[in-house]
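Peer 1: Handing you a structure now.
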Amino acid sequence: MNWNALSERVLAGEGVTREEALAVLNAGDEELMGILDAAYRVRLHHCGREVRLHVLQNTKSGMCRENCAFCSQAIGAYSGVDRYGMQTVQELVAGAKEAHARQAVKYCMVTATRGPSTDELETVCEAVRQISQEVPIEICTSLGLLNDAQARQLAAAGVHRFNHNLETSRNYFPKVCQTHTYDDRIATVRAARAAGMEACCGGIIGMGETLQDRVDLAFELRSLEVEAIPVNFMDPRPGTPLADVEPLTPTECLRGLAMFRLVNPVSEIRVAGGREVNLRHLQPLALYAANSMFTEGYLTTAGRGAEDDINMIRDAGFVVASMAA
Ligand code: SF4
């Protein structure tokens, strides 16, 4: 495959085909630099050299009644994660201030639930109103399945973006979750966008799915025209049904990021959960495809601190995005 020609075609507005996307994932390690260069040309054209830092706030932890097989917060997972109910408005505002101090441009409040209760939604909305007044940071929320009215309530409070991942392909999804459907998830993404919020929607690679499933997810996201795509890398959690899944290699992760960038050229591609344990010494190379990343850890697992991440971004010649930019 001529990767340079592929990137030229993407830059000319011609979408890659499913066969080409699959070829990216099937390529050997000797072709990795050519693939990353193709992804980088597209990233540079649409996103410049900036890297957007995002911070997650686990707002309600460890008590979800859904059964997603990868999730340590699911019912039936014996994972020993922290269990606590909804945080207070004060705690959520304090989290936003900390995220801003770490140079994050986005603060994402996440609850482990099928969907928000009336009280939980009101708590989040009040926190969003206060954060909007006090902290120069964009706000994302991830609260499970939403109906149209709930989406409108969040948008009216000032939520900029709503996260709800598809997680994997339509074909593979029933193997990782049986308590809700792929279409439930798509309906939530559509409700969020219809209410005026941007959609953050991605998935996890390395759950035992095929390379074709990864391509199918990327194309599903393209058809939804989501603004941001978090690409998570499976970090098997003890006590979950996927605890013993085969680990990814760092170069497999990089090909995955490049494929998501080439299929979704204008989306914000985020190197997300599992970055440190899966990419290891190759983490800086992720920036050639991805233009955003989480810092300060994830919902139930630790990550690197913001200082290390900011140093990595600068050492690689990229620029930490700021709210003023
Ligand atoms: S709905 Fe979310 S929090 Fe609940 S089990 Fe699935 S991934 Fe985990």
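Peer 1: Which loop GluC sites (Glu not before Pro) in the range 9-88, with loop taken from DSSP, have no more than 16 other Cβ atoms within 10 angstrom of their Cβ? Display every interim value, and only then the final one.
Peer 2: On the way: sites: E14, E19, E20, E30, E31, E50, E66; in loops: E14, E66.
Counting only loop positions with at most 16 other Cβ atoms within 10 Å, the GluC sites (Glu not before Pro) in the range 9-88 are E14.
Peer 1: Once the piece of chain linking N67 and D183 is laid out straight, how much longer is it, given 0.36 nm per residue of separation minus the C-alpha distance between them? Before the final figure, lay out each step's value.
Peer 2: Working: separation 116, 0.36 × 116 = 41.76 nm, distance 1.63 nm.
Separation in residues times 0.36 nm, less the Cα-Cα distance, equals 40.1 nm.
Peer 1: Looking at S322, A127, H45, which one has the Cα that reaches farthest to the positive end of the dipole of the chain (charges on Cβ: Lys, Arg +1; Asp, Glu -1)?
Peer 2: A127
Peer 1: Once the Cα atoms of helix 148-157 and of the chain are each reduced to a long axis, what angle between those two axes, in degrees from 0 to 90 to the nearest 10, is obtained?
Peer 2: That works out to roughly 80 degrees.
Peer 1: Just A101, A195, A77 to compare: in a GNM of the chain, with alpha carbon springs under 10 Å, which one fluctuates most?
Peer 2: Of the options given, A101 has the highest mean-square fluctuation.
Peer 1: Further question on the same structure: Rounded to the nearest Å, what's the spacing between the alpha carbon centres of the range 88-159 and the range 29-79? Just the number, please.
Peer 2: Centre-to-centre distance over Cα atoms comes out at 19 Å.
Peer 1: Here's something else I'd like to know. Order by neighbour count: C201, C71, C125, fewest other Cβ atoms within 10 Å first, most last.
Peer 2: Working: C201 28, C71 25, C125 20.
Neighbour counts put them in this order, fewest first: C125, C71, C201.
Peer 1: Please state the charge dipole magnitude for the chain, taken about the Cα centre, from unit charges on C-beta atoms (+1 on K and R, -1 on D and E), reported in debye and rounded to the nearest 20. Numbers along the way, then the final one.
Peer 2: Values: 31 positive and 41 negative charges, 73 e Å.
Charge dipole of the chain: 340 debye, to the nearest 20.
Peer 1: Ok, one more. Let me know the shape class of the range 207-313, please: from the alpha-carbon gyration tensor, a ≥ b ≥ c as square roots of the eigenvalues, rounded when a/c is under 1.5, otherwise prolate if a/b is greater than b/c, or oblate.
Peer 2: Working: a/c = 1.67, a/b = 1.09, b/c = 1.53.
Oblate, because a/c is 1.5 or more while a/b does not exceed b/c.
Peer 1: Follow-up. If neighbour count is taken as other Cβ atoms inside 10 Å, put V89, V10, V24 in order from fewest to most.
Peer 2: Details: V89 18, V10 22, V24 27.
Ranking V89, V10, V24 by Cβ neighbours within 10 Å, fewest first, gives V89, V10, V24.
Peer 1: Also: Quick one: L44, L211, fewest Cβ neighbours within 10 Å first, how do they rank? Each step should come with its number before you reach the end.
Peer 2: On the way: L44 13, L211 18.
Arranged by neighbour count, lowest to highest, L44, L211 become L44, L211.
Peer 1: Provide the percentage of antiparallel DSSP beta bridges, counting only those with both residues in the range 16-320; round to the nearest 5.
Peer 2: Values: 1 of 33 bridges.
Here the antiparallel bridges make up roughly 5 percent for the range 16-320.
Peer 1: Something else: How much length is gained on full extension from S322 to N147, taking 0.36 nm per residue of separation minus their Cα-Cα distance? Write out the running numbers ahead of the final one.
Peer 2: Working: separation 175, 0.36 × 175 = 63.00 nm, distance 3.25 nm.
Computed gain between S322 and N147 is 59.7 nm.
Every number here is computed from the coordinates shown, using simple stated rules; none is lab data. Model, not experiment: these values are computed from the prediction. Heads up, the Cβs are rebuilt from the backbone with ideal geometry, glycines too, and the neighbour counts pull from every protein chain shown.
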